[in-house]
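No value in this document is a laboratory result; all are computed from the given coordinates. Computed from a prediction, not measured in an experiment: that's the story for all the values here.
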Amino acid sequence: MYHKNKTAYMSTKHVTKFKDFKPSHGEAEYYWQQWMTLDRYRAAEEALARLFRPRKDKEYLDRSDLLIKCSTLNDFYSTSIFSVYRVVEHYSKIKGLGQRMADGDLSLVEELRYVPVSDDGKETRDFYSFATKFCAHHNAEAYPIYDSYVDKMLRELRNRDKGLNFSNDGLKHYDSFCSIICQMRMSYGIEKLSFRQVDIMLWLAGKEYFPKQY
C-alpha cells in the first residue's frame, strides 16, 4: 500500500513532541513502518482488503454482503455499533450503493451516517466514522477516513500552523472534511501521499501525541 519507490521519500528523524511534528513523507514512512509492526491491525487490514475487494456486480450489494462486511468492520475497528442489523437495513435501502462507492460519490457518506435505530424510524444515531470506513474500504482512493484522532490532529495543526484554515464544524461534514484533508496535503507538500497513508500517519500520531485518558 505504501509507495513502491521508497527512495522518493526522504527519511527523517522522528520527533517526540507535537510542537516539532510536521506532516511529511518522512513522517508518513515512519508511521507506515510502525503500522506494519502492529500485527493485529495489519492482519485485520489484510482480511478487510480481501473481504472488500471489488466485485463485478458493483451496482448491487445484497443484505448478506452488507451484514458480513458491516459486522467484520465493526469488530475489527471496535466501533461499538450496538445493532449492526439496523445499519444493514439502512444501507440496503440506498440505491446503487456499490456503484456510487466505485464512482467516489462523497455525498453517499452523509446518507449512510444517520441510521434509524427505533422501530418507527424517528430516532437515529450518527455513525459518521463508520460510514467513512465502510466507503474507504470499498474505494480507498476516493474516501479518506474520519475518526477522533484524525480530527484532533487536524485541529491542532490548524491551531499551530498558518497554512490551514477551516472550522471545527467543517470536519463533521464529509465533503468539507475531504477538502480539509486535501488542503492539509497541499499545505505541507505531501500531495503524493494517498488518503490511506495520511490517515495512518495522523491516526498513529494522534494516539502518540494526544492519547485518550480512560
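For segment 54-133, the number of Lys pairs separated by eight or more positions or lying on different chains, with C-alpha atoms closer than 21 Å, is 13. The coefficient of translational diffusion for the chain, derived via Stokes-Einstein from the alpha carbon Kirkwood radius under 4 °C and 1.567 mPa s, stands at 71 µm²/s.
An oblate overall shape is assigned to segment 91-152, the ratio a/c of its alpha-carbon gyration tensor axes (a ≥ b ≥ c) being 1.5 or greater and a/b not exceeding b/c. Taking 0.36 nm per residue of sequence separation and removing the Cα-Cα distance, the Thr124/Glu110 pair yields an extension gain of 3.7 nm. Give me log10 I(q)/I(0) at q = 0.12 Å⁻¹ for segment 94-214, Debye formula, one equal scatterer per alpha-carbon, no solvent. Values, matching the q order: -0.47.
Classify segment 54-133 as rounded, prolate or oblate from the Cα gyration tensor: take a ≥ b ≥ c as the square roots of its eigenvalues, call it rounded if a/c is under 1.5, otherwise prolate when a/b beats b/c and oblate if not.
Values: a/c = 1.55, a/b = 1.36, b/c = 1.14.
Judged from the Cα gyration tensor, segment 54-133 comes out prolate (a/c at least 1.5, a/b above b/c).
Show that you can apply the helix-only estimate: for the chain, add -39,500 (n - 2.57) for every DSSP H stretch of four or more residues, divide by all residues, and state [θ] at 222 nm to the nearest 500.
My calculation for the chain gives -16500 deg cm²/dmol from helical runs alone.
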